[in-house]
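Trainee: Just dropping this structure here.
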Amino acid sequence: MEVIEAAENSVVEIPFERLFIGGEFVIDSRIASRGYFMISIAGGKLQLRSTRFVGLIPLNDNVAVNIRPKATIENIGGMIVRSGRLPSAIDNFTRGYKPLFERASNAIEVYWEPYLSSVQRVLERGLLKRYERVPNPPKWRGRLLISETVKRFAARGIRYRAAFEFTTLSHDISENRLVKAALADVVDWMSNAPSRAAAKARLPFAQSLMRALEDITDLRRPLSAQLGEVPKFVQLLPPYAGHYREALWMAYAILQRAIPDIQRGGYASLTSMIVDVSAVFEGYARTIILERAQEAGLVVRDGNLHHRPFFVGATTPYKVLPDIIIQEKNGTVRAVLDVKYKQSINEQDRYELLAFMEATGATRAAFVCPKFVDEERFQFLGTTRGGRSMTILRVDLATQDLRAEEDRLYSLVEKVLDSQPTQ
């Protein structure tokens, strides 16, 4: 497959011949309907403008586009974990990840569906098996262990006893135990996720996969020891067992509750992830502000969940959805923040933020945006005739010290909270 490299928010030109397979124009239906690109045609080529998504995006079996984020890969990985916003996993399409994993309690939500498909492929193509030593072998069966027999029996005058090593060809091996253990976690999560209709619908299928593995025993050693052997297991897979590679790495991610480093080029073959950087940035900024505001005795609300009516006392359905509402414990709104994953704020954005202030009663508001060039971190836009002030706060996503940048972000938020609007 040809991989075309592109930067975030750029235009990619794809020759039409790369999109034809067997004489038919083919674009993966999972990609065409998701809004990953804005599409136009010019000069006999398909032009794709990347939007807010980054990652390796397959167009068809011939060509994929790798959209690189503007932020550093390390920072994007950390933001994903802190944000609570999940990447999209594309079933049956893998890429190489570096085997560096960030802890994430919601890792099962990323991989449950592609993992079921991966386990199904393992069962369809055949379970891996090898000769395993039987702990308590039948008497006088197997290979005679002369040294062990002398030490344990002959040296003690015990006659007609001997030690044997007995092995049998079995599916009950470490690789299959790992696959089953991760599947058990997935089934348990699906059973307790009643609000997720897709998971509920697939639960019977997942349970049927568990029944197919019922002869595999549970992990015999501590989980950490087993997981530490996954790279070795993958490296030593025989050629005919390549279908195990995805299942083992996904089992590792699920059992560790971890999300892998999203950069390409590693040898951990996992279902491809596509990251909505805009949603990740919003969730990340809210998490950072929530953690620090709580320490200051403030309350942070997600306006997408806690809607505010636009008109007072009206029965119309008009509502506003500020990304972040900062308020006192008595409910008094101190400020509203609108997270925008964009470099420039336009007139519509300003009107939207003004509507947020009007609906919440706030007199202070700010946009939270990424800082990719030499913009000011704190840019005061001005104060309206009604005494409502607007500011732009910028976060450097290319920083080498993300923790320090998080502290700087909240210090800017405090500056907004403590400011006195001027006419």
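This table checks each residue for (1) surrounded by 14 or more Cβ atoms within 10 Å (Cβ to Cβ); (2) at pLDDT 75 or above; (3) assigned to a strand (DSSP E or B); (4) out of contact with any strand residue (DSSP E or B) (no Cβ under 6 Å at 6 or more places or on another chain).
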{"site": "Ile27", "(1), (2), (3), (4)": "yes, yes, no, yes"}
{"site": "Arg34", "(1), (2), (3), (4)": "yes, no, no, yes"}
{"site": "Met38", "(1), (2), (3), (4)": "no, yes, yes, no"}
{"site": "Ile41", "(1), (2), (3), (4)": "no, yes, yes, yes"}
{"site": "Leu48", "(1), (2), (3), (4)": "yes, yes, yes, no"}
{"site": "Val54", "(1), (2), (3), (4)": "yes, yes, yes, no"}
{"site": "Ile57", "(1), (2), (3), (4)": "yes, yes, yes, no"}
{"site": "Ala64", "(1), (2), (3), (4)": "yes, yes, yes, no"}
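Trainee: So which residues in segment 337-390 are in contact with a Gly (Cβ under 9 Å, 6 or more places away or on another chain) and hydroxyl-bearing (Ser, Thr, Tyr)?
Mentor: Scanning segment 337-390 gives Thr360, Thr363, Ser389.
Trainee: Out of segment 359-392, which residues are touching a residue at least 40 places away in the same chain (Cβ under 8 Å) and surrounded by fewer than 17 Cβ atoms within 10 Å (Cβ to Cβ)?
Mentor: Scanning segment 359-392 gives a single hit, Phe372.
Trainee: Would you mind stating whether Asn92 is in a strand (DSSP E or B) and modelled with pLDDT of 80 or more?
Mentor: So Asn92 does not fit the description; no.
Trainee: Give me the helices (runs of 4 or more DSSP H) completely within segment 104-214, filtered to those with at least 2 residues that are out of contact with any strand residue (DSSP E or B) (no Cβ under 6 Å at 6 or more places or on another chain), acidic (Asp, Glu) and at pLDDT 70 or above, ordered by residue number.
Mentor: Helices (runs of 4 or more DSSP H) meeting the threshold: 107-125, 174-191.
Trainee: All but one of (1) crowded, with 16+ Cβ neighbours inside 10 Å; (2) modelled with pLDDT under 70; (3) basic (Lys, Arg) hold for Lys70; which doesn't?
Mentor: It is condition (2) that Lys70 fails.
For (1) of a type outside the set (A, V, I, L, M, F, W, C); (2) in contact with a Cys (Cβ under 8 Å, 6 or more places away or on another chain); (3) more than 12 Å from Ile274 (Cα to Cα), each residue gets a yes or a no:
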{"site": "Pro15", "(1), (2), (3)": "yes, no, yes"}
{"site": "Glu24", "(1), (2), (3)": "yes, no, yes"}
{"site": "Ile41", "(1), (2), (3)": "no, no, yes"}
{"site": "Ile57", "(1), (2), (3)": "no, no, no"}
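Trainee: Scan segment 25-77 residue by residue and report those that are in contact with a helix residue (DSSP H, G or I) (Cβ under 6 Å, 6 or more places away or on another chain) and polar (S, T, N, Q).
Mentor: Within segment 25-77, Asn62, Asn75 qualify.
Trainee: Here is a further query. With segment 245-329 as the region, which strands (runs of 3 or more DSSP E) entirely inside it contain at least 3 residues that are at pLDDT below 85 and of a type in the set (Gly, Ala, Ser)?
Mentor: Qualifying strands (runs of 3 or more DSSP E): 268-276.
Trainee: Okay, moving on. Look through Thr363, Thr422, Thr391 and report the one residue that is touching a strand residue (DSSP E or B) at 6+ places or on another chain (Cβ under 6 Å), at pLDDT 90 or above and among the hydroxyl-bearing types (Ser, Thr, Tyr).
Mentor: Answer to the selection: Thr391.
The values are calculated or read from the model by the stated rules, or taken from the named source; none is laboratory data. The model shown is predicted, which means the values in this text are computed figures rather than measured ones. We place every Cβ from the backbone using ideal geometry, glycine too, and count neighbours over all the protein chains shown.
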